[in-house]
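S.K.: I have a structure I would like to understand better, so I am pasting it below and will then ask my questions one at a time.
Please treat every number below as a calculation from the coordinates, not as lab data. Predicted model, so just to flag it, every value in this text is computed and none were measured. Ideal geometry is used to build each Cβ from the backbone, glycine not excepted, and the neighbour counts take in all protein chains shown.
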Amino acid sequence: MNTLIETYQHLGQTIELHIDDCGDHECPLEHDNDGVRFVTFERNSTLSNYHDFSSPEDAAVWANGNGFELFNLFKYEHGRVAYSITGFGCPWDSGQVGYILVRTADYCHENSPTTSKIAQGMADIVTTWCNGDYCGFVVQDSHSNNVDSCWGFESVEDCKAEAESTAKHYAKEARKAHQRQAMAFVRNRVPLAHRVFT
């Protein structure tokens, strides 16, 4: 059962946000992304299997020679896991475990996010996967019927934005259906007392 995070109304539709605990999410490092590389040298971690560098020094030399900006990668682990490019301030449960490499040529355009935002975004995605913190939404119409849902979002913000876009679509469709029904009542000269909208 997916745990409910929040329920609220949006344009006459009900949105439910849930934790997506189906547990079958693929590791984000399974997908090739030549422009951003997550390089960790943790012992006993499957995340260390997603690169071919033999050492941190090897990764740094390769990055500098191939147009990649190098960001230190830190890990905090105490029950849950967190990755960051800025560190954690806890000398016992955190430390540097590798790098995130970002190809600068991919993000030097106007309106592109900064390379540091790209690097932290990758750290956040891996953090979500490690902790299983995915979420999803259900949209219900005014009669409490489930009309749409989607799962596997890596952040509540993205999930909420997509849920509200979906609710907007169904609210528009509901208005159109209401207008069609009203026109049918008028065409068929149904008395006001007998007009029941469904």
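S.K.: Counting Lys and Arg as +1 and Asp and Glu as -1, what is the net charge of the other residues whose Cβ lies under 14 Å from the Cβ of A161? Show your work: numbers first, answer last.
M.R.: Working: positive: K160, K168; negative: E6, E154, E157, D158, E162, E164.
Counting the neighbours of A161, the net charge comes to -4.
S.K.: So how much slack lies between L4 and S55, counting 0.36 nm per residue of separation and subtracting their Cα-Cα distance, in nm?
M.R.: Result: 14.0 nm gained on full extension.
S.K.: Quick check: the angle from helix 156-187's long axis to the longest principal axis of the chain, C-alpha only, nearest 10 degrees?
M.R.: It is inclined by approximately 20 degrees.
S.K.: Using alpha carbons only, how many degrees (0 to 90, rounded to 10) separate the axis of helix 115-131 from the longest principal axis of the chain?
M.R.: 80
S.K.: Restrict the search to segment 1-60; then list the GluC sites (Glu not before Pro) that DSSP places in a loop and that have at most 10 other Cβ atoms within 10 Å of their Cβ. Write out the running numbers ahead of the final one.
M.R.: Details: sites: E6, E16, E26, E30, E42, E57; in loops: E26, E42.
Hits after loop and neighbour filter: E26.
S.K.: Please arrange F153, F41, F197 by how many other C-beta atoms lie within 10 Å of their C-beta, fewest to most.
M.R.: Final ranking by Cβ density, sparse to dense: F197, F41, F153.
S.K.: Could I ask something else about it? Counting only pairs 8 or more places apart or on different chains, how many lysine pairs in the chain have C-alpha atoms closer than 27 Å?
M.R.: Lysine pairs meeting both conditions in the chain amount to 6.
S.K.: With a cut-off of 11 Å, note down the residues of segment 1-33 whose backbone N falls inside the zone around a label point 7 Å from the Cα of A182 toward its beta carbon.
M.R.: none
S.K.: Kindly state, to the nearest 0.05, the FRET efficiency for D106 paired with N131, given R0 = 25 Å and r defined as their beta-carbon distance. Write down the numbers at each step before the final one.
M.R.: Values: r = 28 Å, r/R0 = 1.11.
The value I calculate is 0.35.
S.K.: If each DSSP helix of 4+ residues adds -39,500 (n - 2.57) and the sum is divided by the residues in the chain, what number results at 222 nm, nearest 500 deg cm²/dmol?
M.R.: Working: 3 runs with 59 residues, N = 198.
Counting only the DSSP helices, I get -10000 deg cm²/dmol.
S.K.: Under a crude label model (7 Å from the Cα following the beta-carbon direction), how far is S45 from K168 in nanometres?
M.R.: 3.9
S.K.: Nothing charged except the Cβ atoms of Lys and Arg (+1) and of Asp and Glu (-1): what's the magnitude of the dipole of segment 28-131 about its Cα centre? Round to the nearest 20 debye.
M.R.: Dipole of segment 28-131, to the nearest 20 debye: 260 debye.
S.K.: Send over the Kirkwood Rh of the chain, from the inverse of the averaged 1/r over different Cα pairs, rounded to one decimal Å.
M.R.: Roughly 20.3 Å, rounded to one decimal.
S.K.: Ranked by Cβ crowding within 10 angstrom, fewest neighbours first, how are H10, H78, H194 ordered? List each step's numbers first, then the result.
M.R.: On the way: H10 17, H78 11, H194 7.
Neighbour counts put them in this order, fewest first: H194, H78, H10.
S.K.: Another question, if that's okay. What number comes out for the charge environment of N64, summing +1 per Lys or Arg and -1 per Asp or Glu over other residues with Cβ under 13 Å away?
M.R.: Charge balance in the 13 Å sphere: -2.
S.K.: Please compute the net charge surrounding V36, taking Lys and Arg as +1 and Asp and Glu as -1 over other residues with Cβ under 9 Å from its Cβ.
M.R.: It works out to a net charge of 0.
S.K.: What is the spin-label model distance, in nm, from E26 to D124 if the labels are put 7 Å beyond Cα along the C-beta direction?
M.R.: Each label point lies 7 Å from its Cα, and together they span 2.3 nm.
S.K.: For segment 28-131, what does the alpha-carbon gyration tensor say about shape, rounded, prolate or oblate, given a ≥ b ≥ c as the root eigenvalues, a/c under 1.5 as rounded, and a/b over b/c as prolate? List each step's numbers first, then the result.
M.R.: Values: a/c = 1.67, a/b = 1.38, b/c = 1.21.
The shape class here is prolate.
S.K.: Report the gain in length on full extension from I19 to N72: 0.36 nm times residue separation, minus Cα-Cα distance, nm rounded to one decimal.
M.R.: Value of the extension gain: 16.1 nm.
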